[in-house]
Amino acid sequence: MPHPGRDRALLWTLRLFAVSSVAIVLLVVAFVSGESAPALAEVGPVRFFSDPSWHPASGFFNMVPMLAGTVLVSAGALLLAAPLGVLSAIFLQFYAPPALRSYWRNLIGLLAGIPSVVYGFWGLVSLVPLINRLHPPGQSLLAGILVLALMVLPTIALLSDAALESVPAHYLRSAAALGLSRWGTVSGVVLPAARGGILTGVALAAARAVGETMAVLMVCGNVVRMPEGLFDPVRTLTANIALEMAYAGSAHRSALFVSGLALLAIVALGAGFSEAARRKVVANG
Amino acid sequence: MKRVFLAIGMLALGACRSKDPASGSSGPEAERKLVLTGSSTIAPLASEIAKRFEAKHPGVRVDIQTGGSARGISDALAGLADIGMASRELNPDEAANGLTAIPIAKDGIGLIVHRDNALLGLTRQQLVSVYTGQVTNWRQVGGKDARLTVVNKAEGRATLELFLHFTGLKSTDIQASVVIGDNAQGIKTVAGNPDAIGYVSIGTAEHDASLGTPIRLISVDGVAASLATVGDGTFPMSRALNLVVKGQPNGLARDFIEYSRSAEVHDLVKAEFFVPLGPTGT
């Protein structure tokens, strides 16, 4: 220990930063709860689920269609993006010609770097008119799922790639020694060993999907109604806040913070589930 | 080393300090400040006028914040802003609380359809049927055989309030296929959908259509939607863009309002696609 003083300074600095990053989360939760308290007290938590519709200016506050919208759009996007992302990572690690690898990786990195409003704009001017020809109005659950899938795909692909990369080399050598085929190695050895990392990628993608605002606002139609099919418009909780916050009076504003609180709850639940799943997978693996 | 961390900490603290609330024009400092809050429709015009006003009055700073007409009115009432911006008339309650609305320009809200839609116009009654879902096909209102896409504005927008006022509908009556936020999103939605109908600010729609965006303004109750018909008062869906003050304006606020109503800013009003006030100030 040549410099105990410096070590102590470093230790306390790290502690300070660790505490403050947790404190930020807690402050956000406290702030959102505080802001939504008037609506929760005045309207009551039950009416956010039982009112006939969402018309805050007329005193109706049913959030259920928007909860469903958020969950459906995100789940649909993950259902599309997860297999694609994992397959892309497998291709990259085990099948792609070495010359192609770095280009492929950079392209996916580029996909991750495109701002969400650009995806939304593309969705609105290209994808929505296409869907409209199939089934009007075009702004729909389907459009939201497709745009979001494209947006979260790079997260899943890059993190799965990293997870596959970190599978110990002696696993691969052992598989080769056993005479396993390439696909046999991938499906029987590599994927089970990398499950934890892949799940982390999917969880991060899920968080991004739930929180995405601009792109879904532009392509989903934003009608507060329970969707009956893929071609029906939906409104997500994030789009609801973005659409109405700037124009909301006090009671309405507080009701929007309740949708923020619901959003936090969904993210927390999702994080909890994925952590539990990851632990189980790692324990079994 | 420690000093560096201290500096970082100070910076973080500084960033956390919230901005000063709108402090009004009563400050004793040399710099006089005027705070305007409210309608996002008026804000771009107000900030252009403010730039010119500041250039003519050294030492004056005009601070403009958006947040919708409702905020403008409540801020003016609570004294949080010197002047509120409201793109609608005051309702009787607000007027009874001692607020005065002073128009600085006019804006019309027009119905837009895709350029390929041959429909010429709708009556008020047809408009009501379209927006309440009683009519779902263009054929029923004299158009082609195609399913209607009804584009509505999000709750709380002044445009929606004017539309509801004109049609006599409540927001719970409307059955929309798409809900949008601002005018630009509405125009893009209609431009991308040959069977859509929506309503947006006429000036913005005229400007975008002249630049080649495939949209068309249609007539309402037989009156063509244009800045001209808004200007002469014949177009039914029009609104005054108001500056709202508590009581009678005085001092700096009065100067600013008078300047905003003067012919000196008519070019700015036209550049923002609104209609200047007539010579009588109405």
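The values are calculated or read from the model by the stated rules, or taken from the named source; none is laboratory data. It should be emphasised that the depicted structure is a prediction, and the values quoted were computed from it without experimental measurement. All Cβ positions, glycine included, derive from the backbone under ideal geometry; neighbour counts span all protein chains shown. Just the protein is used for accessible areas: all its heavy atoms, side chains included, with ligands, DNA and RNA removed. Shrake-Rupley method; radii C 1.70, N 1.55, O 1.52, S 1.80 Å.
Remark on chain B: hydrodynamic radius 20.5 angstrom, per the Kirkwood mean of 1/r across alpha carbon pairs. Given an 8 Å cut-off on Cα distances and at least 6 residues of separation, report the relative contact order of chain B as a percent. Averaging sequence separation for qualifying contacts and normalising by length gives 25 percent for chain B. Taking a ≥ b ≥ c as the square roots of the Cα gyration tensor eigenvalues, the protein assembly as shown comes out oblate, since a/c reaches at least 1.5 and a/b does not exceed b/c. Computed from the C-beta positions of B:Ser262 and B:Arg124 and an R0 of 35 Å, the FRET efficiency is 0.50 to the nearest 0.05. The mean count of C-beta atoms from other chains within 10 Å of the C-beta of residues in B:170-182, rounded to a whole number, is 6. Here the calculated FRET efficiency for B:Ala95 and A:Leu79, from their Cβ-Cβ distance with R0 = 51 Å, stands at 0.40, rounded to the nearest 0.05.
Sites listed here are GluC sites (Glu not before Pro) in region A:185-259 whose DSSP assignment is loop and whose Cβ has at most 10 other Cβ atoms within 10 Å: A:Glu228. In terms of the Cα gyration tensor, with a ≥ b ≥ c the square roots of its eigenvalues, is region A:118-260 rounded because a/c is under 1.5, prolate because a/b exceeds b/c, or oblate? It is prolate, given that a/c is not under 1.5 and a/b is the larger ratio. Only alpha carbons enter this Debye calculation for region A:55-207, each as an equal point scatterer, and the log10 of I(q)/I(0) it gives at q = 0.12, 0.17, 0.19 Å⁻¹ is -0.63, -1.01, -1.14. Within the listed set A:Val216, A:Val167, A:Val234, the residue fluctuating most in the Gaussian network model of chain A (springs between alpha-carbon atoms under 10 angstrom) is A:Val167.
Only protein heavy atoms count here, probed at 1.4 Å, and on that basis chains B and A bury about 2200 Å² of accessible area in total. Shielding value for A:134-144 is 4, the average number of Cβ atoms from other chains within 10 Å of each residue's Cβ. Largest accessible area first, the listed residues B:Asp107, A:Asp7 line up as A:Asp7, B:Asp107 when surface is computed with a 1.4 Å probe on the assembled protein chains.
When you restrict to C-alpha pairs under 8 Å that are six or more residues apart and normalise by the size of chain A, the relative contact order lands at 27 percent. Neighbours of B:Pro103, meaning other residues whose beta-carbon lies under 13 angstrom from its beta-carbon, give a summed charge of +1 when Lys and Arg score +1 and Asp and Glu score -1. Looking at the protein assembly as shown, the accessible area is 48 square angstrom per residue; that uses a 1.4 Å probe and ignores ligands, DNA and RNA. Charged side chains reduced to their Cβ positions (Lys and Arg at +1, Asp and Glu at -1) give region A:47-283 a dipole of some 480 debye around its Cα centre.
Based on C-alpha pairs under 8 angstrom that are at least 6 apart in sequence, region B:71-195 has a relative contact order of 26 percent. Between A:Ile145, A:Ile114, A:Ile131, the Gaussian network model of chain A with springs among Cα atoms under 10 angstrom shows the greatest mean-square fluctuation at A:Ile114.
Along the axis of the charge dipole computed for chain A (Cβ charges of +1 for Lys and Arg, -1 for Asp and Glu, origin at the Cα centre), the listed residues A:Leu230, A:Tyr247, A:Leu150 are led at the positive end by A:Leu150. Using only Cα atoms, locate the centre of region A:241-257 and the centre of region B:240-270, then give the distance between them in Å, rounded to an integer. First find each Cα centre; the distance between them is then 29 Å. If the chain linking A:Val64 and A:Val118 were pulled fully straight, counting 0.36 nm for each residue of separation and taking away their Cα-Cα distance, it would gain 16.5 nm. The charge dipole of chain B, taken about its Cα centre with unit charges on the Cβ of Lys, Arg, Asp and Glu (plus for the first two, minus for the last two), comes to roughly 620 debye. Simple point charges give the picture: +1 on the Cβ of Lys and Arg, -1 on the Cβ of Asp and Glu, and for the protein assembly as shown a dipole about the Cα centre of about 1860 debye.
Membrane-span-like helices in chain B (whole DSSP H runs, Cα extent of at least 15 Å along the helix axis, mean Kyte-Doolittle hydropathy of at least -1.0): B:2-16, B:43-56, B:251-261.
Partner shielding of A:225-236 amounts to 1, given as the average count of beta-carbon atoms from other chains within 10 Å of each residue beta-carbon.
Charged neighbours of B:Ala209, selected by a Cβ distance under 15 Å, balance to 0 (K, R count +1; D, E count -1). Please work out whether chain A counts as rounded, prolate or oblate from its C-alpha gyration tensor, where a ≥ b ≥ c are the square roots of the eigenvalues and a/c under 1.5 means rounded, while otherwise a/b larger than b/c means prolate and anything else oblate? The shape class here is oblate.
Computed from the alpha carbon atoms alone, the convex hull of region B:108-231 holds 91 Å³ per residue.
Take the Cα of A:Leu230, go 7 Å toward its beta carbon, and the backbone nitrogen atoms of region A:122-160 under 17 Å from that spot belong to A:127-151.
Under a 10 Å cutoff between Cα atoms, tell me which one of B:Gly79, B:Gly38, B:Gly121 has the largest fluctuation in the Gaussian network model of chain B. Between B:Gly79, B:Gly38, B:Gly121, it is B:Gly79 that shows the largest mean-square fluctuation.
Taking a label point 7 Å from the Cα of B:Asp221 along the Cα→Cβ vector, which residues of region B:163-180 have an amide N closer than 11 Å to it? Answer for this model: B:166-168. Reducing region B:83-143 and region A:86-102 to their Cα centroids gives an inter-centroid distance of 56 Å. Electrostatic bookkeeping for B:Ile187 treats Lys and Arg as +1 and Asp and Glu as -1; over the other residues with beta carbon under 13 Å from its beta carbon, the sum is +1.
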